[in-house]
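Read the structure below first, then the notes.
The values are calculated or read from the model by the stated rules, or taken from the named source; none is laboratory data. The model shown is predicted, which means the values in this text are computed figures rather than measured ones. Positions of Cβ are backbone-derived with ideal geometry, glycine not excepted, and every protein chain shown enters the neighbour counts. To get the accessible areas, we keep the full protein, side chains included, count just its heavy atoms, and leave off ligands, DNA and RNA. Shrake-Rupley method; radii C 1.70, N 1.55, O 1.52, S 1.80 Å.
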Amino acid sequence: FDITVVDKDENCIVISGDSAWSPCLGLFTEISEKYPSFEIRYEYEEGGCDFAGFADINGGVCADNCFGYWEGRAKIDYDYALQSAYEDLDCFEDDSEDEFIDSDMYKAFNAEDQKELLEEFRNLKNNN
């Protein structure tokens, strides 16, 4: 598990890191047992294994919220996930419109954003 301290102040520390295959929930649950005043919010994603989510860990209790990759990303940071979806539209250039609409990426967003994503998908298809 490689970690980097991204930001810190007297009340908060933000770390970022990579772990192999799955989140390190056990580690942070143990830390929260030892330091019960810590409030831990652990966000994770693994596109290759199709999951993303977050865990709130306090006093040795871990409340894990794991979802499919795109749904989890949208729940963690909706605007960033939507921006990423626009950037990843070219991954769907060989798909039909029905396949795109059935994709987990498309389903992760609200109706208004789905409409705009679909319009961009159609523009992509028309320009290829």
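For the chain, what does the helix formula give at 222 nm: sum of -39500 (n - 2.57) over DSSP H segments with n ≥ 4, over the residue count, nearest 500 deg cm²/dmol?
Mean residue ellipticity at 222 nm (helix-derived): -12000 deg cm²/dmol.
Hey, what did the range 1-65 get for relative contact order, percent, Cα under 8 Å, at least 6 apart?
Averaging sequence separation for qualifying contacts and normalising by length gives 25 percent for the range 1-65.
Tell me which lysines have Cα within less than 28 Å of LYS34's Cα, excluding those fewer than 8 residues away on the same chain?
LYS8
What do you get for the angle between helix 111-127 and the principal long axis of the chain? Use alpha-carbon atoms, 0 to 90 degrees, nearest ten.
Here the helix axis deviates by roughly 50 degrees.
Principal axis extents for the range 1-54, Cα atoms only, whole Å, descending order, please.
Each principal axis gives a Cα extent; for the range 1-54 these are 36, 23, 17 Å.
Can you give me the accessible area per residue for the chain, using a 1.4 Å probe, in Å²?
67 Å²
Roughly how big is the chain's charge dipole about its Cα centre, with Cβ charges of +1 (Lys, Arg) and -1 (Asp, Glu), in debye to the nearest 20?
500 debye
Using a Förster radius of 41 Å, what is the FRET efficiency between GLU10 and ASN126 based on their Cβ-Cβ separation? Nearest 0.05, please.
Computed FRET efficiency for GLU10 and ASN126: 0.15.
May I ask you to work out the translational diffusion coefficient for the chain at 37 °C, viscosity 0.692 mPa s, via Stokes-Einstein with Rh from the Kirkwood sum over Cα pairs, reported in whole µm²/s?
Value of D from the Cα-based Kirkwood radius: 199 µm²/s.
Using DSSP to call loops (not H, G, I, E or B), can you name the GluC sites (Glu not before Pro) in the range 34-128 whose Cβ has at most 14 other Cβ atoms within 10 angstrom?
Those that pass, being in a loop and sparsely packed, are GLU93.
Using only protein heavy atoms and a 1.4 Å probe, report how much of CYS66 is accessible, in Å² to the nearest 10.
Near enough 70 Å² of accessible area.
Counting only protein chains, not ligands or nucleic acids, how are SER37, SER19, SER32 ordered by accessible area (probe 1.4 Å), most first?
In descending accessible area the options line up as SER37, SER19, SER32.
Leaving out ligands, DNA and RNA, what percent of the accessible area of the chain is carbon and sulfur, probe 1.4 Å?
45 percent
Given N residues in the range 43-84, what is its alpha carbon radius of gyration divided by 2.2 N^0.38 Å?
1.20
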